[in-house]
Amino acid sequence: MYGYVYNRTVTPFDFVISLALVSVAAGVLGSLIGLGGGVVIVPVLTLLYGVDIRLAIGASIVSVIATSSGAAAAYVRERMTNLRVGMFLEIATTTGALSGAYLTTLLPTRFLFAFFGLVLAYSSFTTFKRRHVAQPLAVSSDGIANYFDLHGSYYDPAEDQEIAYKVTGTKLGLFLMYVAGLVSALLGIGSGALKVPAMDGAMHLPMKVSSATSNFMIGVTAAASAAVYFARGQIDPIIAAPVAIGVLAGATVGARVLGRVASKTVRLVFVVVLVIISLEMLQKGLLP
Amino acid sequence: MTSIPGQESPVPVGLSVADGGNGTGSGRGRRNLSPAEAALMDEKVRKVELVISMVLRVGVVVSGLIILAGLGLMFAHHAAYMALRSGVSYKVLTSGATQFPHSLTALGNSLALGDGRGVVVLGVMVLILTPVLRVAVGVLSFLYERDIPMASVTFYVLVVLIASFFLAGV
């Protein structure tokens, strides 16, 4: 039986190489839309490789941190990231992540999946409706945004111009970020899926800035729950290694793409991925 | 710091001052700096951006190299993991019952034995700590920009992150 290539055992080496290649794709997609690589990594590991879901979620956390640091290095240098908004909103995401890590046993997971499946379905719908909106705010009466001077500007290579924007809706933004941190710690996925709509929709940051800033933040959110996952033995080195290497390579490539594509395209790709995640979550919450 | 060609904003600094004084997010909205002070602040902000970008880049490269070294070590020690027709399935290493270091003590023991998987875990730890280091540098950067509100906010984030590591009992 061993004489046939298609029938031979998949060795750890085959596993590492194939998973690293999948992770490159996850890194490109994750860095482009600010969601991290977990969206691709978790289903691939559980469905394709039959890996235990607990270990898949541990690998997802590693992939999120790898996407974040890999892409943010470029986005920050190119001034695509709004550092002040990112660091300000991290108050809420880290607090949410820390509380979420210890709420796991209190809340029924199925209910959470169903609930956030619906939330994401709704936010993909509103993002789709906003797909033509590109005009940034010129004035803001948001007291918090003005006090912390969260407004900014970025250079858009696709449009070849500097785009200044004002930030609003910081209170709603903080609330949504707290929920994003909570969900990230409870379910292991979905952190960026709530962050991007919070910034693009509620706070009126331009789509590319939302994506780059979400990318910047998800690493810190994930780091806040990574210690718990590590201590629980969910970070398996032979899964984490190819994921980290592949995603780092992919995120470095993805970060070069964001500037050049149109905002509308980024939003549409984001909506498609959001619909897939919400269907995945609804399936986990509703089906037996 | 002299400006780096091609990396500076293509818009002259004065323009963002003219459009209301807080175009690039450098604390001017609250403080009403003179144009000269604003230009100096823009330079500081740019310097901070480059430092934070470099911290992330170094963390990523270092962790990537350690993880690669760990993988190499693991395959060097376990020839059966990569032999073309060996009977070892990857599932031995990815099942719920697989043993690998998940505390600092176990990691130390594993590293002392020269185990490749311990080296990989060390690389993953560096990766996890990179955003934490980035936040710590953020606190220092906002102090450098003399922006106390943002420095306090970032300091809170750093405290929560450090608390998360202690609460997890790593």
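Over all directions, how big on average is the projection of the convex hull of the alpha-carbon atoms in the protein assembly as shown, in square nanometres? Numbers along the way, then the final one.
Working: hull surface 87.9 nm².
Result: 22.0 nm².
Principal axes first, then extents: for the Cα atoms of the stretch A:152-288, list largest minus smallest coordinate on each axis, whole Å, largest first.
On the principal axes, the stretch A:152-288 reaches 48, 33, 28 Å in Cα extent.
What is the stretch A:96-217's relative contact order, in percent, from Cα pairs under 8 angstrom and six or more apart in sequence?
This gives 32 percent for the stretch A:96-217.
Please rank A:His151, A:His204, fewest neighbouring Cβ atoms within 10 Å first, as an exposure proxy. Walk me through the numbers before you get to the answer.
Numbers: A:His151 28, A:His204 21.
Arranged by neighbour count, lowest to highest, A:His151, A:His204 become A:His204, A:His151.
What helices in chain A pass both tests, a Cα length along the helix axis of 27 Å or more and a mean Kyte hydropathy of 1.6 or higher, using whole DSSP H runs?
Numbers: long enough: A:12-33 (31 Å, 1.99); A:53-77 (36 Å, 1.28); A:109-129 (30 Å, 1.06); A:207-231 (36 Å, 1.02); A:237-258 (30 Å, 1.78); A:263-286 (34 Å, 1.50).
The qualifying helices are A:12-33, A:237-258.
Arranged by the count of other C-beta atoms within 10 angstrom, fewest first, what order do A:Ile57, A:Ile33, A:Ile245 take? Mind dumping the intermediate values first?
On the way: A:Ile57 21, A:Ile33 27, A:Ile245 24.
If I rank by nearby Cβ atoms, fewest first, I get A:Ile57, A:Ile245, A:Ile33.
Measuring from centroid to centroid over Cα atoms, what is the spacing of the stretch B:82-132 and the stretch A:42-83 in Å?
Their Cα centres are 19 Å away from one another.
Near A:Lys264, which aspartates and glutamates are there with a Cα under 15 Å away, not counting those fewer than 8 places off in the same chain?
Answer for A:Lys264, where 15 Å is the Cα cut-off: A:Asp156, A:Glu159, A:Asp200, listed by chain and number.
What is the distance, in nm, between label points placed 7 Å from the Cα along the Cα-to-Cβ direction at A:Leu118 and at A:Ile144?
About 2.5 nm separates the two model spin labels.
In terms of Cα to Cα distance under 22 Å, which lysines are near enough to A:Lys284, apart from those fewer than 8 places away along the same chain?
A:Lys284 reaches A:Lys195.
For the stretch B:28-168, calculate the relative contact order in percent as a whole number, restricting contacts to Cα pairs under 8 Å that are 6 or more residues apart. Before the final figure, lay out the partial values.
Details: 104 pairs, mean separation 39.4, N = 141.
Relative contact order here is 28 percent.
Among A:Val119, B:Val120, A:Val85, which comes first, second and so on when ranked by fewest other beta-carbon atoms within 10 Å?
A:Val119, A:Val85, B:Val120
When only Cα pairs under 8 Å and 6 or more residues apart are kept, what is the percent relative contact order across chain A?
Details: 524 pairs, mean separation 109.1, N = 288.
For chain A, the relative contact order is 38 percent.
Mind giving me the FRET efficiency for B:Ala106 and B:Phe166? R0 is 25 Å, r the Cβ-Cβ distance, nearest 0.05 is fine. Display every interim value, and only then the final one.
Working: r = 18 Å, r/R0 = 0.72.
Given R0 = 25 Å and the Cβ-Cβ separation, E is 0.90.
Just to verify a number: FRET efficiency for B:Leu40 and A:Val257, C-beta to C-beta distance, R0 = 25 Å, to 0.05? Present the calculation step by step, with values, prior to reporting the outcome.
Working: r = 34 Å, r/R0 = 1.38.
Taking R0 as 25 Å, the efficiency between B:Leu40 and A:Val257 is 0.15.
Checking a compactness column here: for the stretch B:28-168, what do you get for Rg(Cα) / (2.2 N^0.38 Å), N being the number of residues?
Normalised Cα radius of gyration, the stretch B:28-168: 1.51.
Subtract the Cα-Cα distance of A:Phe111 and A:His132 from 0.36 nm times their separation in residues, and report this length gain in nm to one decimal. Show your work: numbers first, answer last.
Values: separation 21, 0.36 × 21 = 7.56 nm, distance 3.38 nm.
Additional length available on full extension: 4.2 nm.
No value in this document is a laboratory result; all are computed from the given coordinates. Small disclaimer: the values here were computed from a predicted structure and weren't measured. For neighbour counting, all protein chains shown are included, and Cβ atoms are generated from backbone atoms with ideal geometry for every residue, glycine included.
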